[in-house]
Amino acid sequence: MKRVLTLLSLVLVVALFIVSCGNKGKELIVGASPVPHADLLNLVKDDLKKEGIELKVVQYTDYILPNKALADKSINANFFQHAPYMEDFGKKNNIEMVGVGNIHLEPMALYSKKIKNINDLKSGDTLIIPNDPTNGGRALILLDKAGIIKLKDNKNLAATTADIAQNPKNLKIITMSNEQIAPRLGEVAGAIINSNFAIDAGITKNEIILIEGKDSPYVNIVTVLKENQNDERVKKLVKALQSEKVKKYIEEKYQGRVIPAF
């Protein structure tokens with residue numbers, strides 16, 4: 001009898017181990033910027049739960065840690081970046097990443113608390129732009145297309161302030177990390193800010209004096225390590241994020257400052 005009880009106990013332990021492993025396999029940990037990325041992920045949590053997936057959202061306020069976390073496998077996917085940034089970061093840090101789904105576009109804009117029109121910029125005014133390679137170039141291209149500056153090559157996504165060929169108003173263009181720009185907006189004539197950071201900081205669309213067109217190539221994507229691009233959990237995540245429910249939510253909540261890209 002004792003041997004039977006021991007055997008039953010062993011079977012129970014093995015069964016619990018298998019169940020535990022099975023449940024762990026259904027967990028999906030995704031790193032994301034707070035707005036709108038984490039908002040959209042939380043919106044589809046219940047939808048994924050019905051698919052047997054427990055979605056855990058880890059929020060980051062910078063553009064470096066989410067890819068580092070992906071590389072060390074502390075998260076399964078991330079959702080905060082566009083393809084040009086992902087490709088540049090992956091190349092520089094030797095991380096093989098791929099985008100597995102287009103979700104939305106956040107048009108980059110020039111915001112100001114001091115002027116209402118781009119033509120009101122005065123000689124010597126200061127503007128702040130992002131300091132990361134792709135978003136910095138993206139900001140300069142936006143200024144070039146508006147005729148505020150002239151770049152040596154306005155198709156160069158990696159352009160820096162050193163690539164400015166003409167600066168008629170002698171603007172002082174300084175660079176900062178994305179998360180530092182919004183709090184400094186009131187100190188300068190204007191700042192080019194990614195929509196997610198502007199929205200998170202409570203900066204309104206009324207403070208926009210220049211904005212990218214809808215043809216921007218900087219669509220935000222769900223990113224995974226290349227080895228995990230066929231992960232069924234991630235495929236279900238992308239399907240949930242590309243739903244009519246999410247599209248309607250984006251259009252109603254963000255009113256043009258975030259645009260569905262699917």
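Counting charges near G90 (Lys, Arg +1; Asp, Glu -1) among other residues having Cβ under 11 Å from its Cβ returns a value of 0.
Be a star and scan the stretch 180-216 for residues whose amide nitrogen sits under 13 Å from the point 7 Å along the Cα-to-Cβ vector of I115. Within reach of a label on I115, which here means backbone N under 13 Å from a point 7 Å along Cα→Cβ, the stretch 180-216 contributes 188-192, 209-210.
For Cα pairs less than 8 Å apart in space and 6+ apart in sequence, what is the mean separation divided by the residue count of the stretch 109-211, i.e. the relative contact order in percent?
Numbers: 188 pairs, mean separation 46.3, N = 103.
Rounded, it is 45 percent for the stretch 109-211.
So what is the diffusion coefficient of the chain in µm² per second by Stokes-Einstein at 37 °C and 0.692 mPa s, using a Kirkwood Rh over Cα pairs? Mind showing how you got there, number by number?
Numbers: Rh = 20.2 Å.
In µm²/s, the coefficient rounds to 163.
Listed by chain and number, the lysines whose C-alpha is less than 17 Å from the C-alpha of K68, apart from same-chain residues fewer than 8 away, are K91, K92, K226. In order along the stretch 230-237, the Karplus-derived 3J(HN,Hα) couplings, from 6.51 cos²θ - 1.76 cosθ + 1.60 at θ = phi - 60°, round to 9, 4, 5, 4, 5, 4, 5, 4 Hz, and Gly and Pro are given as x. List the lysines whose alpha-carbon lies under 20 Å from that of K49, not counting same-chain residues fewer than 8 positions away? Correct list for K49: K24, K26, K235, K236, K239, K245, K247. Contact order, relative form, for the chain: 28 percent (alpha carbon pairs under 8 Å, 6 or more residues apart, mean separation divided by residue count). Amide H contacts under 5 Å for M176: I129, N131, restricted to partners 5 or more places along the chain or on a different chain, H placed in the peptide plane at 1.01 Å from N.
Please give the per residue accessible area of the stretch 109-211, computed with a probe of 1.4 Å over protein heavy atoms only, in Å². The partial results should precede the final answer.
On the way: 4770 Å² over 103 residues.
Counting only protein heavy atoms, the per-residue value for the stretch 109-211 is 46 Å².
Backbone amide hydrogens, once placed in the peptide plane, bring A189 within less than 5 Å of T126, excluding anything fewer than 5 places away on its chain. Electrostatic tally near E51: other residues with Cβ closer than 12 Å to its Cβ, Lys and Arg +1, Asp and Glu -1, net +4. Spacing of the modelled spin labels on T161 and F262, each 7 Å from Cα toward Cβ, amounts to 3.9 nm. Karplus-based coupling profile of the stretch 190-207, in residue order and whole Hz: x, 8, 8, 10, 5, 3, 4, 6, 5, 4, 4, 8, x, 7, 8, 5, 5, 9, with θ = phi - 60° in 6.51 cos²θ - 1.76 cosθ + 1.60 and x standing for Gly or Pro. Residues in the stretch 164-169 carry Karplus couplings, in order, of 6, 8, 9, 9, x, 8 Hz; the curve used is 6.51 cos²θ - 1.76 cosθ + 1.60 with θ = phi - 60°, and Gly or Pro positions show x.
The values are calculated or read from the model by the stated rules, or taken from the named source; none is laboratory data. Computed from a predicted model, the values in this text were never measured in an experiment. Note: ideal-geometry Cβ built from the backbone for every residue, glycine included; neighbour counts use all protein chains shown. All accessible areas refer to the heavy atoms of the entire protein, side chains included, with ligands and DNA or RNA removed. Shrake-Rupley method; radii C 1.70, N 1.55, O 1.52, S 1.80 Å.
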